[in-house]
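Reviewing the structure listed below.
The values are calculated or read from the model by the stated rules, or taken from the named source; none is laboratory data. Quick caveat: nothing in here was measured; it's all calculated off a predicted structure. Cβ coordinates were reconstructed from backbone atoms using ideal geometry, including for glycine residues, and neighbour counts include every protein chain displayed.
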Amino acid sequence: MHSLADNIVGFIQILRQLGVRISTAETIDAVDSLTLIDSFDQAEFKAALKSTLIKHAEDQAAFNHAFNLFFVPPEAKQEQQTAWESKQQLDLEQSLQADEELVFQGRPLEISDDLKDVYKMLPEKEKQRLQEFLEKTSTGKNVKESFQPVVENLLKSSLSFWQRQLSAEDLAQLAAARRQLLGHDELDHVVDSAAGLGGTGGNPLLYKNMQEIAEQEIPQVTALIKRLASRLTTRISRRFRMTGRRKLIDIRKSIRRNMRYGGIMISLKYKTKKIHKPNIVIVCDVSASMTKYVRFTLPLLFGLSSVVKNIESFIFATDLERVTDYFRHSNDFAQVTEELITNSAQMGQGTNLFIALSRLEEQHRQLLTPSTLLFIISDANTLAPQETAGQLSIMSKKVKRILWLNTQPKERWPQTSAISSFSAYCAMFECYSLAHLTKILSLNLTRQS
Amino acid sequence: MNKQLQNFTADQLKDAFEAQGYISDKELLTTVYLAIKLEKPLLIEGAPGVGKTEIAKVLSNIFNTELIRLQCYEGLDENKALYEWNYQRQLIKIQMSRENASQKLTEYDVFSPEYLLERPLLKAIRAEKRAVLLIDEIDKTDEEFEAFLFEILSDFQISIPELGTVTANHIPIVILTSNHDRELSEGLRRRCVYLYIDYPSIEKEINIIRTKIPEATEKLAIQIATAVNHLRHNLTLNKQPSIAETLDWTRALIAMHADHLDPALVKQTMGLLLKNRDDLLAFQKDLGADKLCGAVKQTNHHQACNCHGAASDKG
């Protein structure tokens, strides 16, 4: 990889691995741009690549990290390469060790690579505990070969438990470990290092997992959500405009108006379609599993309710509770939260979305109209998942669209089997940070994708 | 102008921007230079008031060409952006021809360029000189209009059913601006060269104040830039103060004969920086004029110490 063209192509491969979308046309633009600038000036070279390859402000951090790691002097490149090779070696050794340790009576256990990766990340004490369990069961009296599936299942459920305990950062690290490598050491080490640096750049609060938000950050979160919510109001009113944006001539009014000119159409009158504002209904999960997100969900409810008109807010756990009036009557978030926590019977209970949705349909039927956007904020861990999916199916026919903001990281969705059946009737978005919320609210939410 | 455009260099562009009083950096200049040379639209994103629109104005001054502006808004359609037939004039012509029996009127007579009302896009395409076309706040339009726009920006030609295809004499310099209110389509982004303008650093903002308002003393400029930077980074505001607001604040302080910031002045003039009741309340509650002036003094003192340190190291 020595020529400039090779380097550019390699660099673009790295960016693509980091999640930046770059088309062939943009690659050609980048190469063309380099013929117009002084390639020996690093700042100019960087600006040329950035302006032709990066078309989203959010991708700039990934670009900067990758550029600073890739376009370096040969000595630095050599050092990076050595570090990468030793990391790869360490990873290989850990994998071999895991294979050696996860055995039953000397035979390897059939465990997926995902769970093996989880095992590698466990604290030494926990690994020791699992090894002791395998050792004891392997050497126990009357333990036969046919016990292996039972042992495998026990181990899998234990590792799955640990997988659920992983933080979003750990999950991202696991996803990075499973990322398909380019098979070129020089490129792979940049992808690995740049991915590890994360993609912030603007306000760090935007990228923070909302379960880790501190008490003193709540006013900032509330203010940011309010700002985002105002974006939702403008977007939605526009999106509900009827078809045919071209102004139509109003024949009746034009004839009346032009009577004074003897019927000659000199002054035309136009008519436009009426803009319909949608109704928004929010159903927010405040059950025990969502307690850690309450510093995100309550400011979200408060922010949306104080900015958007035509909004109805509900919270649910084992049952549904209407909370619109709490937000309508007060401007003080702290006061609203206190009142809500004191008066609500739902906070911290179990979850039954089916009952909540059924109650919404029975008692608030008038809210579910073809112009209603129904937001569900929940981690999708609920009792009666099949009944919930059925209820979602019924409600999806009554409202404009159901939008589900899921506080679980996307990597974790496959572990909740109900999510796939819920997704058939709603648009589900990963939403555990303000950056996610920003992205969601900039989409055209009323249009079916 | 076209010869001028073909032959100009990046260094000349830098000098021209400086001559126009637009304080820029290498990234901005290289991006603008490439957009002009590659004949591609330049998409500029950033918070309101960071100087996106100004780039188009500066370019039209530099190349001494017309600035054609299409201000986007909710519900903007092709009639307002491209062209419209002048119905009233056509009707009068038809009426006149009825009264004058000798004048035979055909369809081609009333659908001629004479009866065409040029809107910004068509005007830019038919311009004699390579114009600067500013499509401001593209994120305010609808997706359908955006799709229509990027077709035009690819080919720079328009089909008018009654007249035929109009092809651009010169591909205009196209500047699109967006406040990132809505996600723009990938198709549009792909066709553009992209520039993101963030709020300026303290040093850059001092430079901007001193260039735009030469009457401001160095001390005042430093204090103002530091104060604005402090507000942007330490308060959660609905609307952060933009460069334009910094300049307004500076002008107001000069009008009040101030040569440095003090809490009383800050209290009196904060309305020029923060234009929202909630933001003003947040300022009073979470920071206040005294604390702001204290923070400014502290930052400037640190910077002065660092400068002295560096100077004595060199010495």
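Only one entry in B:THR31, B:THR65, B:THR9 is buried (at least 20 other Cβ atoms within 10 Å of the Cβ), within 11 Å of chain A (Cβ to nearest Cβ), hydroxyl-bearing (Ser, Thr, Tyr) and out of contact with any Gly (no Cβ under 7 Å at 6 or more places or on another chain), namely B:THR31. Pairs linking a residue in segment B:159-187 that is more than 14 Å from chain A (Cβ to nearest Cβ) to a residue that is among the hydroxyl-bearing types (Ser, Thr, Tyr) and surrounded by 14 or more Cβ atoms within 10 Å (Cβ to Cβ), with Cβ atoms under 7 Å and 6 or more positions apart or on different chains, are B:ILE160/B:TYR83. Name the one entry in A:ILE440, A:ILE394, A:ILE419, A:ILE341 that is over 23 Å from A:PHE296 (Cα atoms), in a helix (DSSP H, G or I) and of a type in the set (Val, Ile, Thr). Residue meeting the stated conditions: A:ILE394. Just wondering, is there one or more residues in segment A:49-67 that are basic (Lys, Arg), part of a helix (DSSP H, G or I) and touching a residue at least 12 places away in the same chain (Cβ under 8 Å)? Checking segment A:49-67: at least one residue is basic (Lys, Arg), part of a helix (DSSP H, G or I) and touching a residue at least 12 places away in the same chain (Cβ under 8 Å). Checking every residue in segment A:59-75 against the condition of being in contact with a Phe, Trp or Tyr (Cβ under 7 Å, 6 or more places away or on another chain) and either modelled with pLDDT under 80 or within 14 Å of chain B (Cβ to nearest Cβ) (or both) gives at least one match.
If a residue must be of a type outside the set (S, T, N, Q), in a strand (DSSP E or B) and over 19 Å from the mean Cα position of the chain (by Cα), how many such residues does segment B:140-199 contain?
The qualifying residues number 4.
The listed residues are A:GLU321, A:GLU387, A:GLU362, A:GLU339, and the only one of them that is out of contact with any Ser or Thr (no Cβ under 9 Å at 6 or more places or on another chain) and in the same structural domain as A:LEU434 (by TED's automatic domain parsing) turns out to be A:GLU362.
Looking across segment A:133-153, just one residue is touching a residue at least 24 places away in the same chain (Cβ under 8 Å) and not in a helix (DSSP H, G or I), and that is A:VAL143. The combined condition, being under 30 Å from B:THR167 (Cα atoms), outside any helix (DSSP H, G or I) and modelled with pLDDT of 90 or more, is fulfilled by B:LYS40.
Working carefully through the options A:ILE37, A:ILE14, A:ILE28, find the one that is among the β-branched types (Val, Ile, Thr), part of a loop (DSSP other than H, G, I, E, B) and either modelled with pLDDT of 80 or more or touching a Cys at 6+ places or on another chain (Cβ under 8 Å) (or both). Exactly one residue qualifies, and that residue is A:ILE37. Scanning segment A:3-32 for residues that are polar (S, T, N, Q), exposed (fewer than 13 other Cβ atoms within 10 Å of the Cβ) and away from chain B (no Cβ under 11 Å) returns a single hit, A:SER3. Inside segment B:76-98, can you point out the residues that are of a type outside the set (Lys, Arg), out of contact with any strand residue (DSSP E or B) (no Cβ under 7 Å at 6 or more places or on another chain) and closer than 30 Å to B:GLU143 by Cβ? Once the filter is applied, which keeps residues that are of a type outside the set (Lys, Arg), out of contact with any strand residue (DSSP E or B) (no Cβ under 7 Å at 6 or more places or on another chain) and closer than 30 Å to B:GLU143 by Cβ, segment B:76-98 yields B:LEU76, B:ASP77, B:GLU78, B:ASN79, B:TYR87.
Restricting attention to segment A:377-412, which residues are under 20 Å from the mean Cα position of the chain (by Cα) and free of Cβ contacts under 8 Å to residues at least 24 places away in the same chain? Hit for segment A:377-412 is A:LYS410, nothing else.
Just to be sure, is B:TYR108 of a type in the set (Phe, Trp, Tyr) and either closer than 30 Å to B:SER185 by Cα or assigned by TED's automatic domain parsing to the domain that holds B:ILE243 (or both)?
Taking the combined requirement at face value, the residue does not satisfy it.
Against the numbered list (1) closer than 26 Å to A:ARG164 by Cα; (2) touching a residue at least 24 places away in the same chain (Cβ under 8 Å), A:SER344 comes up short only at (1).
Against the list (1) touching a residue at least 24 places away in the same chain (Cβ under 8 Å); (2) polar (S, T, N, Q); (3) surrounded by 21 or more Cβ atoms within 10 Å (Cβ to Cβ), the condition A:SER305 fails is (1). Checked against (1) touching a residue at least 40 places away in the same chain (Cβ under 8 Å); (2) closer than 14 Å to B:LEU195 by Cα; (3) more than 8 Å from every other protein chain (Cβ to nearest Cβ), B:GLU54 passes all but condition (1). Taken together, the residues in segment B:120-139 that are under 18 Å from the mean Cα position of the chain (by Cα), more than 14 Å from chain A (Cβ to nearest Cβ) and either in a helix (DSSP H, G or I) or at pLDDT below 85 (or both) amount to 3. For segment B:70-81, check the following and say yes or no: at least one residue is within 14 Å of B:TYR194 (Cα to Cα), in contact (Cβ under 8 Å) with a residue 24 or more places away in the chain and in the same structural domain as B:ALA127 (by TED's automatic domain parsing). Checking segment B:70-81: not a single residue is within 14 Å of B:TYR194 (Cα to Cα), in contact (Cβ under 8 Å) with a residue 24 or more places away in the chain and in the same structural domain as B:ALA127 (by TED's automatic domain parsing).
For segment A:33-44, name all the residues that are facing chain B (nearest Cβ under 9 Å) and either surrounded by fewer than 23 Cβ atoms within 10 Å (Cβ to Cβ) or more than 38 Å from the chain's Cα centre (by Cα) (or both).
Across segment A:33-44, the qualifying residues are A:LEU36, A:ILE37, A:ASP38, A:ASP41, A:ALA43, A:GLU44.
With respect to the conditions (1) over 26 Å from the mean Cα position of the chain (by Cα); (2) in a loop (DSSP other than H, G, I, E, B), A:ALA334 lacks only one, and its number is (2). Of the set (1) surrounded by fewer than 13 Cβ atoms within 10 Å (Cβ to Cβ); (2) modelled with pLDDT of 85 or more, all apply to B:ILE209 but (1).
Restricting the first residue to segment A:260-271 and requiring it to be free of Cβ contacts under 8 Å to residues at least 60 places away in the same chain and away from every other protein chain (no Cβ under 11 Å), which pairs with a second residue that is part of a helix (DSSP H, G or I) and surrounded by 12 or more Cβ atoms within 10 Å (Cβ to Cβ) meet a Cβ separation below 6 Å and a spacing of at least six or different chains? Listed pairs, sorted by first residue: A:LYS269/A:LYS253; A:LYS269/A:SER254; A:LYS269/A:ARG257. Against the test of being in a loop (DSSP other than H, G, I, E, B) and touching a residue at least 24 places away in the same chain (Cβ under 8 Å), the options B:ALA227, B:ALA216 yield a single qualifying residue, B:ALA216.
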